[in-house]
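A.B. asks: Below you will find the structure I want to go over with you.
The values are calculated or read from the model by the stated rules, or taken from the named source; none is laboratory data. These numbers were taken from a predicted model, which means no experiment stands behind them. Using ideal geometry, Cβ is built from the backbone for each residue, glycine included, and neighbour counts are taken over all protein chains shown.
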Amino acid sequence: MRTIYIVLGGVAVGLGVMGIFLPVLPTTPFLLLAAALWCKGSPRLYRWLLDNKLLGEYIRNFREHRAIPLRAKIASVAVLWATILLSAFLAVEAWWLRGVLLAVAVGVTWHILSFATLKKRGGDAEKR
């Protein structure tokens, strides 16, 4: 089972990293999944993930505050809508598929904005 946890954790980290660049793919849920899997399968990989400069912050912010930094919210929503609108009106001809893309954008935007906003003040984080 240990090997399965390690492999699935690696897949989850890969998807989480892809989610940093792809607006419709979430980052934090995949990284939380990887942390849970690696906690069971490899304490060394679990510690690496939590201590990682880039990826560990996603997990710590969400675990400690259940919040998303304002900068991440703005960037996520802006990239999401730019990508969806370009896809919907330049790459898709079917009106119903455009509707699906716009509905996905609305749903993902709502999901992102439903989390509290994490504000950083003097090295400390606070939730708003």
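A.B. asks: Answer yes or no: is there a residue in region 30-53 that is within 12 Å of the chain's Cα centre (by Cα) and either farther than 20 Å from Phe115 by Cβ or of a type outside the set (A, V, I, L, M) (or both).
C.D. replies: Yes.
Residue by residue, here is whether (1) closer than 30 Å to Leu86 by Cβ; (2) among the polar types (S, T, N, Q) holds:
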position: Val7; (1), (2): no, no
position: Gly10; (1), (2): no, no
position: Leu15; (1), (2): yes, no
position: Thr27; (1), (2): yes, yes
position: Leu31; (1), (2): yes, no
position: Ala36; (1), (2): no, no
position: Cys39; (1), (2): no, no
position: Ser42; (1), (2): no, yes
position: Leu45; (1), (2): no, no
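A.B. asks: Here's a check for you: in region 97-118, which residue that is within 18 Å of Phe62 (Cβ to Cβ) and of a type in the set (A, V, I, L, M, F, W, C) is surrounded by the fewest Cβ atoms within 10 Å (Cβ to Cβ)?
C.D. replies: For region 97-118, the residue satisfying everything is Trp110.
A.B. asks: Moving on. From the list Gly99, Gly107, which residue is more than 16 Å from the chain's Cα centre (by Cα), at pLDDT 90 or above and of a type outside the set (S, T, N, Q)?
C.D. replies: Gly99
A.B. asks: Among helices (runs of 4 or more DSSP H) lying entirely in region 1-96, which contain 1 or more residues that are at positive phi and surrounded by 13 or more Cβ atoms within 10 Å (Cβ to Cβ)?
C.D. replies: Hits in region 1-96: none.
A.B. asks: What residue, among those in region 8-29 that are under 9 Å from the mean Cα position of the chain (by Cα) and not aliphatic (A, V, I, L, M), is modelled with the highest pLDDT?
C.D. replies: Among those residues, the one meeting the criterion is Gly16.
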